[in-house]
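What follows is a set of notes on a single structure, which appears directly below.
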Amino acid sequence: MANGLLIVLSGPSGVGKKTIWGPLINDKKLKLAFSISMTTRAKRFDEVDKRDYFFVTKQQFKKAIANGDMLEYATYVNNYYGTPKRFVNQLRAKGMNVLLEIESNGALQIMDYAKKNKDKGVVTIFIAPPSLQHLHERLKKRGTESDKKIKERIKQAEWEMSLIDKYKHCIINDDPKQARSELLGILKNEINNNDE
């Protein structure tokens, strides 16, 4: 049995990543498993520990880094985010295609990791907004952050969008239904190629 793929999905905060991939996670033919990230940020009201994230303290996170337990990690808006290595490797060894929704710093580390380890099973996909103005409106409508935080996120988005060429695939989320259909096509194609 072939090891599952490691599917890296990135894009600016508020671009609608989960809206696009969320419904696909239950498609049995894709054998997808969502990788749960570890974070030091505060839990939002609708989030559950060990389902949405592994919520930990900064001290716990730093210990995991020191022990080499992270596949990738980054700081984003003054919090740590990262992917526990063992969790991902166990899923891939079972033939599951592991979906990572991570920001671009982490994605660059995964690309570097894949190159160093000659891991041809890593697929990188960037979800982009039609424009930064469109993204700003989405973040405002979401109503979860202050204007200052939104400005920080837009500045981060500008940098992230400068990296699009480093990803194997790019999907522009102008219409979530269309973007989901594009993602499904990419996943089917990559999974078929991996199974051959």
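Amide H contacts for Val122 (H built 1.01 Å from N in the peptide plane; partners 5 or more residues away or on another chain; cut-off under 5 Å): Leu6. Protein heavy-atom surface of the chain, 1.4 angstrom probe: 50% of the accessible area is carbon and sulfur, with nucleic acids and ligands not counted. Using the 1.4 Å probe convention, the accessible area of region 85-196 works out to 59 Å² per residue with neighbouring protein chains retained.
Using the rule -39500 (n - 2.57) for each DSSP H run of four or more residues, divided by the residues of the chain, the 222 nm mean residue ellipticity is -13000 deg cm²/dmol.
What is the gain in length, in nm to one decimal, between Leu163 and His134 on full extension, counting 0.36 nm per residue of separation less the C-alpha to C-alpha distance?
8.5 nm
Overall, the ratio between the Cα radius of gyration of region 63-164 and 2.2 N^0.38 Å, rounded to two decimals, is 1.24.
Labels on offer are [x] 16.3, 50; [y] 16.0, 46; [z] 17.7, 63, and the one holding Rg and Dmax of the Cα atoms in Å computed from this structure is [x].
For region 2-15, 3J(HN,Hα) computed residue by residue from phi via the Karplus equation (6.51, -1.76, 1.60; θ = phi - 60°) reads 6, 4, x, 7, 10, 9, 9, 10, 10, x, x, 4, x, 7 Hz, glycine and proline entered as x.
Lysines near Lys140 by alpha-carbon distance under 23 Å, same-chain residues fewer than 8 away left out - which ones? By straight Cα distance, Lys140 reaches Lys17, Lys18, Lys43, Lys148, Lys149, Lys151, Lys155, Lys177. Residues whose amide H comes within less than 5 Å of that of Ala33, counting only those at least five positions distant or on another chain, are Asn97, Val98, Leu99 (H built at 1.01 Å from N in the peptide plane). Going by a ≥ b ≥ c, the root eigenvalues of the Cα gyration tensor, does region 26-76 fall in the rounded group (a/c under 1.5), the prolate group (a/b larger than b/c) or the oblate group? Oblate is the answer for region 26-76, as a/c is 1.5 or above yet b/c matches or exceeds a/b. What are the ³J(HN,Hα) couplings of region 39-47, residue after residue, when phi is run through the Karplus curve with 6.51, -1.76, 1.60 and θ = phi - 60°? Round to Hz, x for glycine and proline. Per-residue couplings from phi come out as 8, 9, 6, 5, 6, 6, 4, 9, 9 Hz.
The values are calculated or read from the model by the stated rules, or taken from the named source; none is laboratory data. Quantities reported herein were computed from a predicted structural model and do not represent experimental measurements. The area values use the complete protein model at the heavy-atom level, side chains included, leaving out ligands, DNA and RNA. Shrake-Rupley method; radii C 1.70, N 1.55, O 1.52, S 1.80 Å.
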